[in-house]
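The values are calculated or read from the model by the stated rules, or taken from the named source; none is laboratory data. What you see is a predicted model, and the numbers here were worked out from it, not measured in a lab. Note that we place each Cβ from the backbone using ideal geometry, even for glycine, and neighbour counts take in every protein chain shown. Side chains are part of the model used for accessible areas, which takes the heavy atoms of the whole protein and leaves out ligands, DNA and RNA. Shrake-Rupley method; radii C 1.70, N 1.55, O 1.52, S 1.80 Å.
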Amino acid sequence: MGFQFEAPLQLAHLRSKNLVIRSATHSFLSDKDGYMTGAEFQMYEALAAHDVGMIITGHCCVDPLGRANPEQVNIYADEYAAQFHRAAELCHAHGALFVSQISHAGPRAVDNDDLADVTARELKKGRHARALTVAEIQHIEQQFIAAAVRLKDAGVDGVQLHAAHSYLLSRFIDPYFNTRTDAYGGGIAQRFRMTEEIIEGIKAACGAEFPVLVKINSDTKAEDQAAYQQDMLWVLRRCHTLGVELVELSGADFINMPKDRTLYYLDIAQKYKQAVPEQPMSLVGGVRSAADMEQVLASGLDAVSLSRALIAEPAFVSQQLAGGDKSICVSCCRCFALPHMHAGVRCVWEWKALRAKQRAAKAAQ
């Protein structure tokens, strides 16, 4: 039996062996100095060896003031580049592409007492964020561009800008967060300006053929979803004009989806693709089986992206090709908490299997 997702993916400057993408997923496997550990390299190699066509790293920090997690991988200085060369080689050995996602946490940053956001606002736990100045915005843009240059030199196949999930670029795009009245706020062209200037800067520094991808929310936290959807059509057309290789569609509320729901954003993603067919797009969110992957592709989208299914089962794609059942992932979201309690453990099923082995070993004593 053949699957549509087995076909190669041909983009402007990238060719992947199939239509399956590992969406950027924070692994909790790096050390607190911003370096990948052996466990992270093993994770990437396992994904590549099990039929994932394109692997996008977890979000990598472009600015020391914009780290989202203590164990986040850094790329804000030259010393961090070599690890990406090693990871890329491991993936390339299995015929997989290796793309690095780059990000700034904005007011979600850790180890930063001077938090800044699109606009000034009160945050959780009694914290406050001031508004970024134009000079600071432009400095952060340069940090993204410099990170992309390092990554290109390290041999990665492209970069993805993290403009989703309430990280800094996402907050500029979303009218729920962005109420600025200067050149970086107002209409969608102004709210997208920061992301656009980064894309243009990367293309200027790395060459027009260096692949730039964008991950973005298909919906908004604001009440007016219809207005945001019209804004997204503008963004998608603008991305095509700017030469964005692929836009990966996610959503603002994926973590709150019912556990039995799948394909969270397929309906709106299909509408976006029908309206802007010239821009390559992928969808992530609630993809749990080969049937789900086929449904995404049947809708007209160019590729399908997986995240939590590959945390639960790194060999998930190979298993589906062999006729496997749906993912064991139950969307419990414990993968966000378990690594903080048990280092290196990323899935509740992994934890249960580990506990069973420990009990069996204790019983055998």
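Odds and ends about this structure:
- Here's the picture: charge each Lys and Arg Cβ at +1 and each Asp and Glu Cβ at -1 in region 290-365, and of Ser327, Ala364, Ser305 the one pushed furthest to the positive end of that dipole is Ala364.
- Across the chain, the volume of the C-alpha convex hull divided among the residues equals 146 Å³ per residue.
- Amide proton proximity set for Ala7, modelled H, under 5 Å, gap of 5+: Leu19
- Protein accessible area in region 128-272, 1.4 Å probe - carbon and sulfur %: 49
- Heavy atoms of the protein chains alone define the surface here; on that basis the chain has 41 Å² accessible area per residue at 1.4 Å probe size.
- Take 89-101, 179-191, 52-64 and order them by the average number of nearby Cβ atoms within 10 Å per residue, most first; the result is 52-64, 89-101, 179-191.
- Placed amide H near Gln160: partners under 5 Å, 5+ positions off or other chain: Ser100, Gln101, Ile102, Leu213
- Solvent-accessible area of Phe84, all protein chains in place: 0 Å² (probe radius 1.4 Å, heavy atoms, ligands and nucleic acids excluded).
- Total charge dipole magnitude, region 1-85, about the Cα centre, Cβ charges on Lys, Arg, Asp, Glu only, Debye to nearest 20: 320
- Positive-pole candidate from Ile145, Val159, Ala226, dipole of region 130-257, charges at beta carbon: Ile145
- Across the chain, Cα pairs under 8 Å and at least six residues apart give a relative contact order of 15 percent.
- Charge dipole (debye, nearest 20) of the chain; +1 at Cβ of Lys and Arg, -1 at Cβ of Asp and Glu: 1140
- Nearest-10 value in Å² for the accessible area of His50, using the 1.4 Å probe: 70
- Long-range amide H partners of Lys326 with built H, under 5 Å: none
- Relative contact order %, region 105-171, counting alpha carbon pairs below 8 Å whose residues are six or more apart: 27
- Helical content alone sets the calculated 222 nm signal of the chain at -11000 deg cm²/dmol, taking -39,500 (n - 2.57) per DSSP H segment of four or more residues and averaging over every residue.
- Expressed as a whole percent, the accessible area of region 76-117 that falls on carbon and sulfur atoms is 45 (1.4 Å probe).
- Peptides 321-328, 142-149, 303-310 ranked from most to least packed, by the mean per-residue count of other Cβ atoms within 10 Å: 303-310, 142-149, 321-328.
- Relative contact order of region 68-148: 25 percent, from C-alpha pairs under 8 Å at least 6 residues apart in sequence.
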